[in-house]
Amino acid sequence: MPRRIYKPEEIIAKLRQVEILTSQGKSAIDAIRSIGVTDATYYRWRQEYGGLKVDQVKRLKELEAENARLRRAVSDLTLEKLVLKEVASGKFLSPARRRAGIQHVVETLGVSERFACRVIGQHRTTQRLVPKTADDEAALTADIIELARQYGRYGYRRITALLHQAGWAVNKKRVARIWRSEGLKVPQRQPKRARLWVNEASCIRLRAERPNHVWSYDFVEDRTHDGRKIRMLNIVDEFTREALAIQVARRLNSTDVIDVLSDLFMLRGVPGHIRSDNGPEFIANAVQAWITAVGAQTAYITPGSPWENGYIESFNARLRDEFLNGEIFYTLQEARVLIEAWRRQYNTIRPHSSLGYRPPAPEALIWPAPQPVFNEPAAFKLATVQSHRINYI
């Protein structure tokens, strides 16, 4: 026969019954037998419920239930804190990251998947969804990682352009998703500097209208491993953005400037204007007289206003950021070879955002360039790119 379980109200009633019987002169043993329990059970009941009334027992029962609920709440809060602390090291900006975080919490803390999903804010259907990846996902990811390793200063937009050149039919959104999932990023750039303007709030400058119309040149300095200085004379066509030449030497003076320009003039023709700052190598009488004699014109910027020579300054920044900051030159000849290789890569491979993420050299060979057929918006076509040729640092 199964053992009967008494409710607290029934226990109180039986204890009162025993008290009444003993007060009438009945022995305790007989009174206990009359309620149908053993002596041990009676004395255990009296120790637990002795002196309480039915309403007090109900209140005690409610307090015990409230206490149990509070203990469970505190336990859940503590567990939720542990879960959040376990996943606090990463940001969950996508369902895939939340999925990985929940799986880690379940394996580490031993909590249920339902509880982890509720704490982190992931729907259980999303958690159990098996993501479908394309068949070429692994190959595309490997190519993106390789390009990011090779061109460490390129973002995912330039990487997308390089993938297009390699034959991949992929949009930038998919590349951006893989870029984020692999943890790739470009180191933070230097903070932008405010522009300075002339009094009428407009920057006065000669704008290039065609290839070979305006060239600009400037010097950049670096050092070899032994601490000796090297100088680079950079020459850029402002319209096509092509790096025409980078002359590398220990010293470069006005005579060297004339030698480099003469070689370029014979190879590409005489430009309409040559823009430069007011450095002594550029304002020398010999340089000015020679440029005028061959049919070109000088276009000097306002002293102390490098923003007026924005194209060459931007090129110098790219050269410094993407190449010079990551290379150690042991000899002058090594510097010449590597810098020339980078110049060719800059002209023929590197995507330029102002040219619709295309390299400048193929378009610089023929003018007017034929209109290419793209499936992209018209803003990327060459005719529209001309209106965006002027960009400043």
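The values are calculated or read from the model by the stated rules, or taken from the named source; none is laboratory data. On a predicted model such as this, the values are computed, not experimentally measured, just so you know. So basically every Cβ, Gly included, is an ideal-geometry build from the backbone, and we count neighbours across all protein chains shown. All accessible areas refer to the heavy atoms of the entire protein, side chains included, with ligands and DNA or RNA removed. Shrake-Rupley method; radii C 1.70, N 1.55, O 1.52, S 1.80 Å.
A few notes on this one:
- Flag for Ala341 being among the aliphatic types (A, V, I, L, M), out of contact with any Ser or Thr (no Cβ under 8 Å at 6 or more places or on another chain), at pLDDT 85 or above and open to solvent by 70 Å² or more (accessible area, probe 1.4 Å): no
- Residue satisfying all of: in the range 37-51; open to solvent by less than 50 Å² (accessible area, probe 1.4 Å) and in a loop (DSSP other than H, G, I, E, B); modelled with the lowest pLDDT among these: Gly50
- Subset of the range 304-331 that is outside any helix (DSSP H, G or I) and among the small types (Gly, Ala, Ser) - its residue that is surrounded by the fewest Cβ atoms within 10 Å (Cβ to Cβ): Gly304
- Pair list, Cβ < 6 Å and 6+ apart or interchain, from the range 334-350 residues that are closer than 13 Å to Arg318 by Cα to residues that are at pLDDT 90 or above and buried (at least 19 other Cβ atoms within 10 Å of the Cβ): Ile339/Ile246; Ile339/Val248; Arg343/Ala243; Arg343/Ile246; Tyr346/Ala243; Asn347/Glu242; Asn347/Ala243
- Taking every residue in the range 16-42 that is more than 17 Å from Arg4 (Cα to Cα) and pairing it with any residue that is at pLDDT below 80 and of a type in the set (Phe, Trp, Tyr), at least 6 positions away or on another chain, yields no pair with a Cβ-Cβ distance below 7 Å.
- Odd one out for Trp179, checked against (1) surrounded by fewer than 18 Cβ atoms within 10 Å (Cβ to Cβ); (2) over 23 Å from Ala341 (Cα atoms); (3) of a type outside the set (Gly, Ala, Ser); (4) modelled with pLDDT under 90: (1)
- In the range 273-298, the residues that are aromatic (Phe, Trp, Tyr) and open to solvent by less than 60 Å² (accessible area, probe 1.4 Å): Phe282
- Note on the range 1-36: residues that are at pLDDT below 80 and either under 60 Å from the mean Cα position of the chain (by Cα) or not in a helix (DSSP H, G or I) (or both) amount to 7.
- Residue within the range 363-386 that is at pLDDT 90 or above, in a helix (DSSP H, G or I) and hydrophobic (A, V, I, L, M, F, W, C) present: no
- Hits in the range 241-292 (condition: of a type in the set (A, V, I, L, M, F, W, C) and farther than 28 Å from Leu355 by Cα): Ala249, Leu252, Val257, Ile258, Phe282, Ile283, Ala284, Ala286, Val287, Ala289, Trp290, Ile291
- Residue count for the range 273-299, restricted to those that are in a helix (DSSP H, G or I) and within 18 Å of Pro211 (Cβ to Cβ): 0
- Test: residue in the range 190-198 that is outside any helix (DSSP H, G or I), surrounded by fewer than 18 Cβ atoms within 10 Å (Cβ to Cβ) and modelled with pLDDT of 80 or more: no
- Qualifying positions in the range 225-272 - assigned to a strand (DSSP E or B), surrounded by fewer than 16 Cβ atoms within 10 Å (Cβ to Cβ) and either out of contact with any Asp or Glu (no Cβ under 9 Å at 6 or more places or on another chain) or not hydrophobic (A, V, I, L, M, F, W, C) (or both): Lys229
- Failed item in (1) open to solvent by 60 Å² or more (accessible area, probe 1.4 Å); (2) modelled with pLDDT of 90 or more; (3) not polar (S, T, N, Q), with Leu163 passing the rest: (1)
- Pair list, Cβ under 6 Å, 6 or more apart: the range 259-277 residue at negative phi, other residue open to solvent by less than 10 Å² (accessible area, probe 1.4 Å) and among the small types (Gly, Ala, Ser): Val270/Ala296; Pro271/Ala296; Ile274/Ala296; Arg275/Ser216
- The condition (being within 27 Å of Arg207 (Cα to Cα), surrounded by 13 or more Cβ atoms within 10 Å (Cβ to Cβ) and either at pLDDT 60 or above or of a type in the set (Ser, Thr, Tyr) (or both)) is satisfied by just one residue among Arg358, Arg336: Arg358.
- Residue within the range 265-286 that is of a type in the set (Lys, Arg) and over 15 Å from Ile235 (Cβ atoms) present: no
- Among the candidates Ile235, Ile301, residue that is modelled with pLDDT under 90 and among the hydrophobic types (A, V, I, L, M, F, W, C): Ile301
- Look at (1) out of contact with any strand residue (DSSP E or B) (no Cβ under 9 Å at 6 or more places or on another chain); (2) within 21 Å of Ser305 (Cβ to Cβ) and you find that Val214 fails only one, number (1).
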